[in-house]
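Please treat every number below as a calculation from the coordinates, not as lab data. Only a predicted model underlies this, so the values are computations on that prediction, with no experimental measurement involved. Don't worry about glycine lacking a Cβ; one is built from the backbone with ideal geometry, like all the others, and counts go over all protein chains shown.
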Ligand SMILES: [Zn+2]
């Protein structure tokens, strides 16, 4: 099949389905996958029986709300039980061709299995996202994501299937990656937002101007929230003279389940694969589109290990209003991880809100470190930042300015803002940065 290179869509019919038709397809797949899970995965058989629900109870999409949630803990508890693939798996090991595992940053790593069909559909979805951000067969693409166990590694196959020339960069050291960018002049790269920033700065320091000496036109970012924070995204775009698009993936589902389009207003989610709900983080009550809560995903087509009402731990909201790009699949807006959120004076604070402030203010480098701690049995936060070398203001003035901007945006002032000179914070790490230190001893988890 020869593809229309002038079309803005990878799969026009699918991407622009009227919502009514899209939901009709979702319902058919939902009925099938819930029955498949019940018939083949020991965990679902047990949990549906205990909850008194049957696959036949699914008559509308809203009927999914009758079914119990699962979460990371369910995955850990059922992993390796009954078989190598565990009790959530719904196929025998012979049908599985690939497994990825989570990073284990919040506990024991969890494994995600794929059948051949699951994997092929995963790659077709990735091709769709690459096409959506403008990649075409004439592009040269550097996939600068970890290949070891990580579900983002094989996304590169989606770019190859699209026809782009692919360079499997992985986690090359910066000097070698810059050599690749300079020598082969690729046009598209995928990495984390913090690394995209640091790589651009490193290039400048070694005498390479990313705008003039390199040919990168598109930067895909994922793994951290930066790509959805306007100030961070624009800073990377200015540094590279390129367009930045945010992708969102889950080790439990696909390398990227959702991606920005040219409107850069939320991320279109592959609704043909995922039924999205948002629920109240405390009560589990289902929320309406536009209301902020925990994202809950049901995989509609993954057979190796269906996820029925999986609480992702990510906080965000759904937008089903039409997008200017013409795609009808809904968009998700992500505020942050539930685990990273902290509550100060009854206000929910996300590190992404703090980042947005620090990246917008002039005269500071944009690097930051957040400390969350308790004082007098209440939760507090403090922020450390770096002042630009040419900023004429005193540290006290800068501190007051940042503190005021944080109060204005978040609603609660930081306990203190510490000002360091440029380069004084040790937060610049390769590929993925950790910028929050939680020193609380009491359990404030929700
Ligand atoms: Zn769009």
Rounding to the nearest 10 and keeping the result within 0 to 90°, find how far the Cα-based axis of helix 116-132 lies from the longest principal axis of the chain. 40
Chain lengthening between residue 59 and residue 171 when straightened (0.36 nm per residue, less Cα-Cα): 35.7 nm
Please determine, in degrees from 0 to 90 and to the nearest 10, the orientation of helix 230-240 with respect to the longest principal axis defined by the Cα atoms of the chain, where the helix direction is its Cα long axis. 70
Summing -39500 (n - 2.57) over the DSSP H runs of n ≥ 4 in the chain and dividing by its residue number, what mean residue ellipticity at 222 nm do you reach, to the nearest 500 deg cm²/dmol? -9000 deg cm²/dmol
Find the relative contact order for region 120-248 and round it to a whole percent, using C-alpha pairs within less than 8 Å whose residues are 6+ positions apart. 22
Computed on Cα atoms, the radius of gyration and Dmax of region 120-248 in angstrom are 13.5, 42
Exposure proxy ranking, count of Cβ atoms within 10 Å, fewest first, for 94, 374, 360, 439: 94, 439, 374, 360
Could you work out, for region 342-438, what percent of all Cα-Cα pairs fall into each 10 Å distance bin, beginning at 0 Å and stopping at the bin that holds the largest distance? 16, 51, 28, 5
Candidates 83, 352, 399, ranked by Gaussian network fluctuation over the chain, Cα under 10 Å, top entry: 83
A chain fully extended from residue 25 to residue 343 at 0.36 nm per residue, minus the present Cα-Cα distance, gains in nm 110.5 nm
Rg and Dmax of region 35-139 over Cα atoms: what are they, in angstrom? 16.9, 54
So if I restrict to the alpha-carbon atoms in region 4-85, what is the Rg, and what is Dmax, the biggest pairwise distance, in Å? 17.1, 53
Under 10 Å, Cα contacts only: if you run a Gaussian network model on the chain, which one of 117, 66, 375 comes out with the highest mean-square fluctuation? 375
Cα extents of the chain along the three principal axes, largest first (Å): 69, 60, 41
With the Cα gyration tensor of region 186-290 giving a ≥ b ≥ c as the square roots of its eigenvalues, does the rule (a/c under 1.5 for rounded; else a/b larger than b/c for prolate; else oblate) give rounded, prolate or oblate? prolate
How far is helix 174-184 tilted off the main Cα axis of the chain, in degrees rounded to 10, range 0 to 90? 80
Reciprocal mean inverse distance between Cα atoms of region 64-192 - Kirkwood radius, Å: 16.7
Considering the chain as a Gaussian network with a 10 Å cut-off on Cα pairs, which listed residue, 96, 142, 156, attains the greatest mean-square fluctuation? 96
Taking the Cβ of each residue in 99, 253, 167 as the centre, tally the other Cβ atoms inside 10 Å and list the residues starting with the fewest. 99, 167, 253
Order of 397, 386, 175 from fewest to most other C-beta atoms within 10 Å? 175, 397, 386
